[in-house]
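Below is one structure, written out as structure tokens; the observations come after it.
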């Protein structure tokens, strides 16, 4: 079987790599891919926009690519699954109606309330003055979210009323385009965040091993939020007993409510959770796709071939599939360009990639491209370096050992990924 992966980030490099570990996958084409996918054996890039649904369908059909795996949320929200399925292709990723669970935070919040899923109290506003008046009434700390897709940068955890006011004003000023036409204001929750990526065929839903992301740019979880600066799995923040509660109180009610709404949701349902100090799991947000960088820590631990998992979801037979996992832990550290998540340079030559891989770590490319025989930086998050180990400490140490081999001008990474679990394993 040949597969096509839509997207260009570290998640997509990991998906391509994972698919190619299967003896049944002979080739992967990435649209548009990056410098890492261009270097994978039996993998090639196709210089086509991820939103060119017609072009992707035509290429897949002509070249007998039987399976399409969609990485990013934007094409899912724009209906890529509906279009490609209409052309007779097998697609992993929810339909446009289901993708609203990420594309509209207000829609997702309403679904959670309907399903009885534990989450933060929230109010939705389409008027700036009303939103600002609500802030004055509620005070800080408080959370302000642009309703639509904002590349992971539309959420402000405001510790002061001034910060919250600025976030509302920026959203309504057009900073996030149409995504900020509506604003969701939520109560501030305390605790530890964790990510549960689950796969579903619309009836059965199975969680993958839980992960913990590090959103903030600075060490100690300080500074502005990013798309993610590192992740590790499986996180001990979610015990087996707590995972069972997440299954019963979050995942199954979500899928059941989607079904009641007439939505056949097949693909990944990603629950971003807050584990409160009382040990209660509450949903911060839902996403309709694999997380990035959580995927770089989760999929290397998956022993069941990824294509088998994906086809079981597409074909409605997930209930009969047994997910197998490698023992130990994985830790991914993101290497970013100087200035990220704001303005950052591009085009810097990256040295030491082969030396890093020789340590045994997995080097997934996020924002890179090939330039002749070299690989250069081409995004804010440039690489995701994943270490594996029998313990968390071993996995984390292996990731940083590999990073020590890598060099490009202005490279930045957090040196404390996994700090919450060091000493626990």
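The values are calculated or read from the model by the stated rules, or taken from the named source; none is laboratory data. On a predicted model such as this, the values are computed, not experimentally measured, just so you know. All Cβ positions, even for glycine, are placed from backbone atoms using ideal geometry, and neighbour counts span all protein chains on display.
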Unmet requirement for residue 291, which otherwise passes all of (1) under 21 Å from the mean Cα position of the chain (by Cα); (2) within 30 Å of residue 390 (Cβ to Cβ); (3) modelled with pLDDT under 95 = (3)
Can you tell me which residue within the stretch 220-255, out of those that are in a helix (DSSP H, G or I) and in contact with a helix residue (DSSP H, G or I) (Cβ under 7 Å, 6 or more places away or on another chain), is nearest to residue 333 (Cα to Cα)?
-> 254
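Residue by residue, here is whether (1) in contact (Cβ under 8 Å) with a residue 40 or more places away in the chain; (2) within 20 Å of residue 69 (Cα to Cα) holds:
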| position | (1), (2) |
| --- | --- |
| 266 | yes, yes |
| 270 | yes, yes |
| 285 | yes, no |
| 315 | yes, yes |
| 334 | yes, no |
| 339 | yes, no |
| 343 | no, no |
Of all the residues that make up the stretch 143-174, how many are closer than 17 Å to residue 120 by Cβ and part of a loop (DSSP other than H, G, I, E, B)?
-> 3
Candidate set: the stretch 72-81, residues that are touching a helix residue (DSSP H, G or I) at 6+ places or on another chain (Cβ under 6 Å) and not in a loop (DSSP other than H, G, I, E, B); chosen: the one surrounded by the most Cβ atoms within 10 Å (Cβ to Cβ) = 76
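Report, by residue number, each residue of the stretch 95-135 that is assigned to a loop (DSSP other than H, G, I, E, B) and either in the same structural domain as residue 31 (by TED's automatic domain parsing) or out of contact with any strand residue (DSSP E or B) (no Cβ under 6 Å at 6 or more places or on another chain) (or both). Walk me through it before giving the result.
From the stretch 95-135, those assigned to a loop (DSSP other than H, G, I, E, B) are 95, 104, 116-118, 120-121, 126-127; that's our starting set.
Answer for the stretch 95-135, where residues must be assigned to a loop (DSSP other than H, G, I, E, B) and either in the same structural domain as residue 31 (by TED's automatic domain parsing) or out of contact with any strand residue (DSSP E or B) (no Cβ under 6 Å at 6 or more places or on another chain) (or both): 95, 104, 116, 126, 127.
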Test residue 312 against the stated conditions and say whether it is outside any loop (DSSP other than H, G, I, E, B), outside the structural domain of residue 89 (by TED's automatic domain parsing), modelled with pLDDT of 95 or more and more than 22 Å from residue 270 (Cα to Cα).
-> no
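Return yes when residue 217 is part of a strand (DSSP E or B) and touching a strand residue (DSSP E or B) at 6+ places or on another chain (Cβ under 8 Å) and no when it is not.
So residue 217 passes the test.
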Among what's in the stretch 175-224 and is surrounded by fewer than 20 Cβ atoms within 10 Å (Cβ to Cβ) and within 15 Å of residue 125 (Cα to Cα), pick the residue that is modelled with the highest pLDDT.
-> 187
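Working only within the stretch 25-38, note down all residues that are assigned to a helix (DSSP H, G or I) and surrounded by fewer than 19 Cβ atoms within 10 Å (Cβ to Cβ). Step through it out loud before you land on a result.
Start the filter on the stretch 25-38 by keeping residues that are assigned to a helix (DSSP H, G or I), which leaves 37-38.
The one that is assigned to a helix (DSSP H, G or I) and surrounded by fewer than 19 Cβ atoms within 10 Å (Cβ to Cβ): 38.
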Could you tell me whether residue 140 is without any contact (Cβ under 8 Å) to a residue 60 or more places away in the chain, surrounded by fewer than 17 Cβ atoms within 10 Å (Cβ to Cβ) and either touching a helix residue (DSSP H, G or I) at 6+ places or on another chain (Cβ under 6 Å) or in a strand (DSSP E or B) (or both)?
-> yes
Residue among 65, 84 that is surrounded by 17 or more Cβ atoms within 10 Å (Cβ to Cβ), in a helix (DSSP H, G or I) and in contact with a strand residue (DSSP E or B) (Cβ under 8 Å, 6 or more places away or on another chain) | 84
So how many residues does the stretch 1-24 have that are over 18 Å from residue 298 (Cα atoms) and either surrounded by fewer than 20 Cβ atoms within 10 Å (Cβ to Cβ) or at pLDDT below 95 (or both)?
-> 4
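Would you call residue 338 assigned to a helix (DSSP H, G or I) and surrounded by fewer than 18 Cβ atoms within 10 Å (Cβ to Cβ)? Can you show your working first?
Details: assigned to a helix (DSSP H, G or I): no; surrounded by fewer than 18 Cβ atoms within 10 Å (Cβ to Cβ): yes.
So residue 338 fails the test.
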Hey, residue 114 hits all of (1) under 16 Å from the mean Cα position of the chain (by Cα); (2) surrounded by fewer than 17 Cβ atoms within 10 Å (Cβ to Cβ) but one; which does it fall short on?
-> (1)
